[in-house]
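A short write-up of the structure that comes next.
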Amino acid sequence: MGWKRYFRRDTWDDERARELDTYLQIETDENIARGMTPQEARYAARRKLGNPTSIREEIYRMNSLGMLETVWQDLKYAARVLGKSPGFVFFAVTVLALGIAANTAIFSIADAVLLRPLPYRDAGRLVMIWEDGSTYGFPQDTPAPGNFSDWKTRNHVFTDVAAYSWDDLNLTSDGNPEQLTGDEVSANLFSVLGVSPAHGRDFHSDDTVPGAPHVAILSHGLWQRRFEGNASIVGREVRLDDEKYTIVGVMPPGFLYPDRKTEVWVPWQFTKEKLADHSSHFLHVVGRLSLGVSLPTANADLATIAKQLEQERPDSNAKIGAFAVPLRENLAGDMRPAILVLFGAVCFVLLIACANIANLLLARASGKRRELAMRLTLGASRLRIVGQMLTESLLLAVIAGSIGLALSVWAAQFLASLIPTGIAPLADSSLGGRVFLFTAGVSVLTGILFGIIPALRVSGLDLATSLKDGGGRGNVGSGGQRLRDVLVVSEVALAIVLLAGAALMIRSFENLVHLDPGFRADHVLVMRTPIQMQKYDTQARRTAFYDQVLEKVEHLPGVVAAGYTTWIPLTNEGGATGITIEGHPEPALGQMPIPNARVVSRNYTAALRMKLVEGRLFDERDGSGTQLVALINQTMARSFWPGENPIGKRFKRGTAHADVPWITIVGIVGDVHQAGPAIPARAEMYLPYQQQEFFPPDYLAVRASGDPLLLAEPLRQQVWSVDKQQPVADVMPLEQLVGENLAPRRMQASLLGGFAGLALLLASIGIYAVLSFVVTQRTQEIGVRVALGADSRDVLRMVFSRGLRLFSIGAALGLAAALALSRTLGHLLYGVSSSDPVSFLTVTLVLGAVTLLACYIPARRAMRVDPLVALRYE
């Protein structure tokens, strides 16, 4: 049948009606001509033709679209039915829309972090290669150039291996001085990743030869922001770190490897000696697996090379392993378990919502029991009734899904902060095709899930009983009330699981917030002033710069203390060096103590309010040409001088035979959690910048008497008064940095708490709905009880006992499930056990209290039943 005929069915029906009338008239006239009476002639004509109505109906069906038309009719019927219950529709759509929006938003993040292909050629073959320095406290350590060179030449599993290192560059041309986050890379980095510049050329191997002309490639964002997208940028010279660099290329939009902050890439110009260095660990290495090579095979090959290097270079490679991890896994970090936990939580919320709507649909079906029985009696098939009810539930789900998709756009933007900076190319809040398909699938599945149970229950109607009973208080088949009870028990159990998980996460977050990090972040402003090593090429020049800046800063009004350091807390967990301790046996290979090292100024500890445990802090005695001194933290004191007082003890950097001076310990300070409050402090030492030439300080920390942000511009001016070309970057309150470090855990706890709160609300509504329905259903029974002498307490006990029984069963099942599932949260918790009894007891009491409130409202209504009214109730 053609579509034109379908849309002209009414016209065709009118034409067929006229044709049939004409035929009957002609046949009647012929019969009259044969001698029949008009009445006999008309009857004979109709008998010959048949039933005109049936003929028209058959022709109408021939011009229909079969199942599609049936579905359309069901949709119109469902819309009319739902239009008569706006309150129910509003509640159902709201609950489902929230659940679907939460699922869609979390899935969009999961899609970006875990599923969406990385924007590199054959990204599944890309891996990051790390050193395994677990013996020294660095299970995933940055490789040394010498190890990288040997991996590159000796491996049998990679098509190519590239490397890069962080290299912030000071741009001092084309406007104000600016610090750019950049990378110093091997010439083959972009070819390993499978990405080419959008403008200009890639790096050549000649660019990495020491003494070759300096060249650079810009990110698309920097090209647009600083150079206004000028097409003639290729071949233009700029000054980076006070050196001339020629721009040879611009990367395509969206390419921000290794993270969203990177704006410029320059080729390294390592000497042969540097490439043979196996002791300085600062590179990041990425490799492309050969076709058909699996990750275990690659790791076995790397382990073999590591063993060879350990035998060849025991002084630098003792107990140093090597391993590879997929690039996506490396970039995603620890986000995978957090996202999976959140995804499980929103699925639980949606399941609770489905149970709630299913319960309400069961109640609605019970109210229409007599109507449905009548339709079945008149010829409607049970399958047809089930189809109509499923259409009603699917219509609700589609409406809720559309609203949920709109809400998820906002929610995804809010949740985008969960995406690690390493997934920068994917960190957008746009909802791609997979997300739309997911939403559509969830909507349909949800509609079937909460609609199928009431629909199947209706299909089991006892027609004789249903037609004899009233339509307002009967049940939809046997066991209907038990089914509603099961749904409520399921809601309570799921709510308990969510509440328990949220309680554990919230307690863990509170422990982190109240943990002493070893410093005070309030009223502290931090900024980076990375010096240009070509300009400040001697220890004396660097010291003079720091001295002048600190002198000017400390005299600013509102400044309490100011200090320089190589890295402020939460910016770098490494920066380590091996030491030899005076008076201790020379350590065996692979057992040298390797503490973290921070090069600081005299008042750095005062700026951060670090605690002095024993001895003294740095003062004016600790300058150039004086005895080398150090502060150590408590962990270093306990680890390297157990049972001893380390004050006055000495150590040196390197081995016992190294030609370097000894360093005397003058004080012990409290541990600082450099890598984050949840990560234990490592052994750490602090050295005066006047006495040490490695790790030049980059960060200036200033403690203010008031709002630290008010000092931002005066501090910049003071730095520029010392060196007008010195970039100042990353100006922020230290509290902001601490907040950013805690933000993922705060968001996880907040989201789980929000989902748990929604689950609590839905579960309480479910209990209330069931008990309210029970009271309505048993109005006559309650009236009889009251008429026979039952008092209000008996009625109250009847309603409360049912509600508390449902709660008890659900709580028991939920607690058992929560204890089993809480183990998946173990790695996300801090300072609280995954089976913490306080958390489980608290959530049980909270849900129990809400259950009592949900029971009280229908119980109060039951207590007020008038026996005379109840006995007449139908």
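The values are calculated or read from the model by the stated rules, or taken from the named source; none is laboratory data. It should be emphasised that the depicted structure is a prediction, and the values quoted were computed from it without experimental measurement. Every residue, glycine as well, gets a Cβ built from its backbone with ideal geometry; the counts of neighbours run over all protein chains shown. We work out accessible area using only protein heavy atoms, side chains counted, and drop any ligands, DNA or RNA first. Shrake-Rupley method; radii C 1.70, N 1.55, O 1.52, S 1.80 Å.
Accessible area per residue was computed with a 1.4 Å probe on protein heavy atoms; LYS611 scores about 140 Å². Here the label points at ARG336 and MET533, each 7 Å from Cα along the C-beta direction, are separated by 3.6 nm in the simple model.
Less than 5 angstrom separates the built amide H of ASN170 from those of LEU180, ASP241, all sequence-distant by 5 or more or on a different chain. The mean of 1/r over all distinct Cα pairs in the range 162-238, once inverted, gives the Kirkwood hydrodynamic radius of 13.7 Å. Of the residues MET533, MET389, the one with the largest accessible area comes first in the ranking MET533, MET389, computed with a 1.4 Å probe on protein heavy atoms. Checking the Cα-Cα distances for LYS552/LYS724; LYS244/LYS535; LYS261/LYS552 against a 21 Å cut-off, the pairs over it are LYS261/LYS552.
Once the Cβ-Cβ distance between HIS156 and ALA743 is put in as r, and R0 is 45 Å, what FRET efficiency do you end up with, to the nearest 0.05? Plugging the Cβ-Cβ distance into 1/(1 + (r/R0)^6) gives 0.55. Taking 0.36 nm per residue of separation and subtracting the Cα-Cα distance, full extension of the segment from ALA231 to ALA820 would add 206.0 nm. Here the range 825-841 is scanned for amide nitrogen atoms under 13 Å from the site 7 Å beyond the Cα of ASN511 along Cα-to-Cβ, giving 825-839.
Computing Rg and the Kirkwood Rh from the Cα coordinates of the range 290-331 gives a ratio, Rg/Rh, of 1.08. Taking 0.36 nm per residue of separation and subtracting the Cα-Cα distance, full extension of the segment from SER792 to ILE647 would add 44.4 nm. With a Förster radius of 22 Å applied to the C-beta separation of ARG621 and ARG520, the computed FRET efficiency comes to 0.25. Between GLN25 and ARG860, the C-beta separation translates, for a Förster distance of 56 Å, into a calculated FRET efficiency of about 0.15. Amide H to amide H distances under 5 Å link ASN596 with ALA683, GLU684, MET685, where only residues 5 or more positions off or on other chains count and H is placed in the peptide plane.
Scattering from the range 264-308 was approximated by placing one identical point on each alpha carbon and applying the Debye formula without solvent; log10 I(q)/I(0) at 0.16, 0.32 1/Å stands at -0.70, -1.18. Of all lysines in the structure, the ones whose alpha carbon falls short of 26 Å from that of LYS652, not counting any fewer than 8 places away in one chain, are LYS274, LYS319, LYS611. Of the peptides 811-818, 512-519, the ranking by mean beta-carbon count within 10 Å, highest at the top, reads 811-818, 512-519. Taking 7 Å steps out from each Cα toward its Cβ at LYS48 and GLU713 produces label points 10.5 nm apart.
Full extension of the chain between LYS244 and ASP14 gives 74.0 nm of extra length, using 0.36 nm per residue less the Cα-Cα distance.
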